[in-house]
1. Being farther than 26 Å from residue 9 by Cβ, at pLDDT 90 or above and not in a helix (DSSP H, G or I) is the filter here; which residues of region 22-71 pass it?
2. Are there any pairs with C-beta distances below 6 angstrom linking a residue in region 20-41 that is under 14 Å from residue 6 (Cα atoms) and more than 6 Å from the ligand (Cβ to nearest atom) to a residue that is at pLDDT 90 or above and of a type in the set (D, E, K, R), with the two at least 6 apart or on different chains, and if so which?
Amino acid sequence: MRVKQDAIPGMSIPLWFVPTRMGDWQIACAQLCGNSHFKMKGIFKIQNENKFNSWLTDRVPTLGEEGEEVW
Ligand SMILES: [Cu+2]
């Protein structure tokens, strides 16, 4: 996808791009950052809009009997 963004613990950093292909893609830390650098990998999922909205809906908290968020 040719996207690279620095990450800072505790901060949200918006990133916008248009994916060119759907699927699951392995992502990895691109900067030698410490002893566990070799383990810093993740999966980046590109899905169609319906599948994404379904995923998002599943993560919206509902309110419990006393008004607290229930996940
Ligand atoms: Cu790293």
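1. 22, 23, 47, 48
2. Pairs that qualify, where the first residue is under 14 Å from residue 6 (Cα atoms) and more than 6 Å from the ligand (Cβ to nearest atom) and the partner is at pLDDT 90 or above and of a type in the set (D, E, K, R), are 28/41.
The values are calculated or read from the model by the stated rules, or taken from the named source; none is laboratory data. Since we're looking at a predicted model, the values are computed, not measured. Ideal geometry is used to build each Cβ from the backbone, glycine not excepted, and the neighbour counts take in all protein chains shown.
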